[in-house]
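A.B. asks: If you scroll down you'll find the structure; I have some questions about it.
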Amino acid sequence: MAEATRASGKAAPPRPQGRYAAAVVDGGIAVSAGMTPRDGDRLTVRGLVGSGVDAATARQAAGLAARNALAAITEAIPGSSRLRRCLRMTVYVACAEGFTELSAVADGASDGLAEALADHAARSGADEPTVTALPARSAIGVRSLPSGAPVEVELTASVRESAAGPAGLADPAGPAAPAGPADPVDVRTDVPDVVTDDVPDDLPAGGPANDRRG
């Protein structure tokens, strides 16, 4: 691919073709925008699959779109975090009426993603097997796609965030202090027993208990 590259040698994703982000990372999940088969800013193929675009060409285009989707996600991941695994890929195919080889076209996206994931793992030194695992996938036929593209790929992935947080910054408040022992409860033990005198039941009225004379 003749895409622009960064100093690290990592391929940069195509620029958004409208008012949106190429990818968003939040809460350990990364989601790409729909990516078409662009080489830089140039759309490599246009038309409907099954009418002007054959399945083999669409399959190659899907592979390029999938690589662009992964590039958008890895570009958006903060430097302190790492790609954990791809979770879901949706492949949209703009196709002629009656075209049913959607899975065959989507296999091209899976092939392109597998290649890009292997390159990413080798470049980043990731040794987790989940990094190169393929995601769940859907293939959906549609009437048309942006700019006349025959395919569009969306990708969702999980991200392993660093202990310092998604932005790589430590919590300014510092770590929370461990909870200490509960304050002891002051229980008084010097309260004297209450003493009462027994009063006979048959004490006559006006007797000593009611006699207030000295």
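A.B. asks: Non-local amide H neighbours of residue 141 (under 5 Å, H modeled in plane, Pro and chain starts lacking H): which ones?
C.D. replies: It is 93, by chain and number.
A.B. asks: Just how large is the dipole of the range 88-150 about the Cα centre, in debye to the nearest 20, putting +1 at every Lys and Arg Cβ and -1 at every Asp and Glu Cβ?
C.D. replies: With only Lys, Arg, Asp and Glu charged at Cβ, the dipole is about 260 debye.
A.B. asks: Can you tell me the order of 143-152, 59-68 when each peptide is scored by its average per-residue count of other Cβ atoms within 10 angstrom, highest first?
C.D. replies: The peptides rank, most packed first, as 59-68, 143-152.
A.B. asks: Over the range 49-116, give the accessible area per residue in Å² for a 1.4 Å probe, as an integer. Present the calculation step by step, with values, prior to reporting the outcome.
C.D. replies: Details: 2700 Å² over 68 residues.
Result: 40 Å² of accessible area for each residue.
The values are calculated or read from the model by the stated rules, or taken from the named source; none is laboratory data. The shown structure was predicted, so the numbers you read here are calculated from the model rather than taken from an experiment. Positions of Cβ are backbone-derived with ideal geometry, glycine not excepted, and every protein chain shown enters the neighbour counts. The area values use the complete protein model at the heavy-atom level, side chains included, leaving out ligands, DNA and RNA. Shrake-Rupley method; radii C 1.70, N 1.55, O 1.52, S 1.80 Å.
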